[in-house]
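Structure first, then comments.
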Amino acid sequence: MTASIATNSTILVVGGGIAGMTAALEAAECGKQVILAEKTPSLGGRTSMLYRYFPKMCHPTCGLEINLKRIKGNPNVRVMTMTEVAAVSGSRGDYTVTLKVKPRYVNENCTACGECGKAVTAEVPNAFNYGLDKVKAAYLPHAMAYPLRYVIDPSIVGTAEGEAAKAACKYGAVDLTMQEQTIELKVGSIVWATGWHPYDANKIQPYGYDRYDNVITSLEFERLCDPRGPTGGKILRPSDGKEAKNIAFIQCAGSRDENHLRHCSRICCMATLKQTMYVREIDPEAKSTVYYIDIRVIDRLEDFYQDVQKDPNVSFVKSKVARIAVNEANGNPILHGVNTEGYHRYANEHDLVVLAVGMEPEVVGVKLPDDIILDSSQFIEGSQSGGMFGAGAAASPLDVNRAVQSATAAALRAVQVIHKTASTEAA
């Protein structure tokens, strides 16, 4: 099915994370028509998957709740979830964009009552928890999901489970006949706020992420610490479910390395410092050891770092860990390397290892327009025609605060393109 929308004074924002939401709102509140396209079933991106963010250790509700309220109340923003950009052609002020909209199998009648989820037994990996647990194949993406609407996983469409979900819905919201749609639209400017994904820890072979159960990533650890997460906020080892008492954090896991990511991902050090504070809150007796090359503290957050340094249960080892082995008797990872402060070799045993994996732009593997300009790490710098802009972590490794600032700047540039195009046409 193909539909067409002709709105060449519209701004398209690709990506519905914190940067995409911000860019869409800033442009819409300037009076511009905005289409906000997000490939997953709900807005919020990786910010919604955080337990807390620094420096105030506030929950994602702090920023997302306000933005969601603004989006709901602004008629200039049209939100399209489960939507990806298939093609872009044209030039500044006159782009033709093809969007692919995947079926949700649940329509606007949904009240999020949850009866469809109760009716099915099939489960699928929970993407919100990075696959650490499972959800029913009829599910709400997460508690703050917008749109507040269930999703039917394609795996049960055409099965008895799918029919059970449909029969359970008394509002007629489950529609198993939905098909993928192709939508073509005209826009004047495009903001790419496609965000980031964690570097594939499987590629860092010496650390054994793909071989050792008790080596996890910083993003997985974030979900473990969240009371809404797969373990109810307990830091449990994947191998045996026991509480972790001696945790190692390895910095620059895949970053600042010619064999992996050349760039510094900037947020990893702060994320680890934040996570040592989780450990202290969850278990005051647990110990954290941070293995680092340098501690890079963003902006004026030195006080945050100093607070962590004062914690007697947190220690720092200046070293790039060479490799990880495992104690076969208890499953404990053993870190091997050299402490560069004194050049002492070590073989330190911990019961859980957290890899602070680097940020990779989500544009990797995405078919971008030919005139998009990328830097050496594939972050978006802009476009040759001057009508497309990167925002948030699609443009540079950024924390939440700086991603919002970047998105505001990108939105204003996009608005300028629309104004200049309109002025040229009027002349």
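Restricting the search to segment 10-58, which residues are under 21 Å from E84 (Cβ atoms) and in a strand (DSSP E or B)?
From segment 10-58, those under 21 Å from E84 (Cβ atoms) are 10-24, 27, 33-49; that's our starting set.
Result: I11, L12, V13, V14, G17, V34, I35, L36, A37, G44.
Residue by residue through segment 112-144, note down the ones that are part of a loop (DSSP other than H, G, I, E, B) and more than 25 Å from I216 (Cβ to Cβ).
Just the residues of segment 112-144 that are part of a loop (DSSP other than H, G, I, E, B), to begin with: 112-114, 120-122, 126, 130-133, 137, 140-144.
Those that are part of a loop (DSSP other than H, G, I, E, B) and more than 25 Å from I216 (Cβ to Cβ): A112, C113, G114, V120, T121, A122, A137, L140.
Give V321, V297 a once-over and let me know the one that is hydrophobic (A, V, I, L, M, F, W, C), in a loop (DSSP other than H, G, I, E, B), in contact with a helix residue (DSSP H, G or I) (Cβ under 8 Å, 6 or more places away or on another chain) and at pLDDT below 95. Please lay out each step first, then the result.
Numbers: V321 fails: at pLDDT below 95.
Just one listed residue meets the conditions, V297.
Do the conditions hold for I282, that is, is it open to solvent by 10 Å² or more (accessible area, probe 1.4 Å), under 20 Å from Y51 (Cα atoms) and within 25 Å of the chain's Cα centre (by Cα)? Full working, then the answer.
Working: open to solvent by 10 Å² or more (accessible area, probe 1.4 Å): yes; under 20 Å from Y51 (Cα atoms): yes; within 25 Å of the chain's Cα centre (by Cα): yes.
Yes.
Is it the case that M57 is under 23 Å from the mean Cα position of the chain (by Cα), open to solvent by 10 Å² or more (accessible area, probe 1.4 Å) and at positive phi?
Taking the combined requirement at face value, the residue satisfies it.
Which residue, of R237, R280, R223, is closer than 24 Å to K56 by Cα, touching an Asp or Glu at 6+ places or on another chain (Cβ under 7 Å) and charged (D, E, K, R)?
Details: R237 fails: closer than 24 Å to K56 by Cα; R223 fails: touching an Asp or Glu at 6+ places or on another chain (Cβ under 7 Å).
Within the list R237, R280, R223, the selection yields R280.
Search segment 138-159 for residues being of a type in the set (G, A, S) and in contact with a strand residue (DSSP E or B) (Cβ under 7 Å, 6 or more places away or on another chain), and hand back the single one that is surrounded by the fewest Cβ atoms within 10 Å (Cβ to Cβ).
Step one: list which residues in segment 138-159 are of a type in the set (G, A, S), which gives 138, 143, 145, 155, 158.
Now narrow it down to the ones that are in contact with a strand residue (DSSP E or B) (Cβ under 7 Å, 6 or more places away or on another chain): 138, 155.
Working: A138: 29, S155: 13.
Only one residue fits best here, namely S155.
V215: β-branched (V, I, T), crowded, with 24+ Cβ neighbours inside 10 Å and out of contact with any His (no Cβ under 8 Å at 6 or more places or on another chain), yes or no?
In short, yes.
With a cut-off of at least 3 residues that are more than 19 Å from N129 (Cα to Cα), name the strands (runs of 3 or more DSSP E) lying wholly within segment 169-267.
On the way: elements: 181-187, 189-192, 196-198, 215-217, 246-253.
So the answer is 181-187, 189-192, 246-253.
Whether any residue in segment 363-370 is under 17 Å from A86 (Cβ atoms) and at pLDDT 90 or above is what I want to check.
Checked segment 363-370: no residue is under 17 Å from A86 (Cβ atoms) and at pLDDT 90 or above.
Which one of E84, E65, E108 is acidic (D, E) and assigned to a helix (DSSP H, G or I)? Steps first, answer last, please.
Numbers: E84 fails: assigned to a helix (DSSP H, G or I); E108 fails: assigned to a helix (DSSP H, G or I).
Result of the check over E84, E65, E108: E65.
Which numbered condition trips up D210, out of (1) modelled with pLDDT of 95 or more; (2) in contact with a helix residue (DSSP H, G or I) (Cβ under 9 Å, 6 or more places away or on another chain)?
All conditions pass for D210, except number (1).
Please give the number of the condition D311 fails out of (1) outside any loop (DSSP other than H, G, I, E, B); (2) without any contact (Cβ under 8 Å) to a residue 60 or more places away in the chain; (3) surrounded by 14 or more Cβ atoms within 10 Å (Cβ to Cβ).
(1)
State whether the residues of segment 64-73 include one that is crowded, with 16+ Cβ neighbours inside 10 Å, closer than 21 Å to P361 by Cβ, polar (S, T, N, Q) and modelled with pLDDT under 95.
Scanning segment 64-73, I find no residue that is crowded, with 16+ Cβ neighbours inside 10 Å, closer than 21 Å to P361 by Cβ, polar (S, T, N, Q) and modelled with pLDDT under 95, so the answer is no.
Would a scan of segment 160-168 turn up a residue that is at negative phi, open to solvent by 40 Å² or more (accessible area, probe 1.4 Å) and in contact with a strand residue (DSSP E or B) (Cβ under 6 Å, 6 or more places away or on another chain)? Can you show your working first?
Of the residues in segment 160-168, the ones at negative phi are 160-168.
In the following step, the residues that additionally are open to solvent by 40 Å² or more (accessible area, probe 1.4 Å) were identified as 160-161, 163, 166-167.
Then keep just the ones that are in contact with a strand residue (DSSP E or B) (Cβ under 6 Å, 6 or more places away or on another chain); that gives 166.
Yes.
Kindly provide the set of residues from segment 314-350 that are closer than 15 Å to I216 by Cα and open to solvent by 50 Å² or more (accessible area, probe 1.4 Å), ordered by number.
Within segment 314-350, R323 is the sole residue that qualifies.
When you scan segment 351-412 for strands (runs of 3 or more DSSP E) that lie fully inside it, which ones turn up with 2 or more residues that are buried (at least 18 other Cβ atoms within 10 Å of the Cβ) and not small (G, A, S)?
Qualifying strands (runs of 3 or more DSSP E): 352-357, 359-361, 388-390.
The values are calculated or read from the model by the stated rules, or taken from the named source; none is laboratory data. Since the structure is predicted, the reported quantities are computational estimates derived from the model, not experimental observations. Reconstructed Cβ throughout: ideal geometry from the backbone, glycine too, with neighbour counts over all protein chains shown. These accessible areas exclude ligands, DNA and RNA; they are computed on the full protein's heavy atoms, side chains included. Shrake-Rupley method; radii C 1.70, N 1.55, O 1.52, S 1.80 Å.
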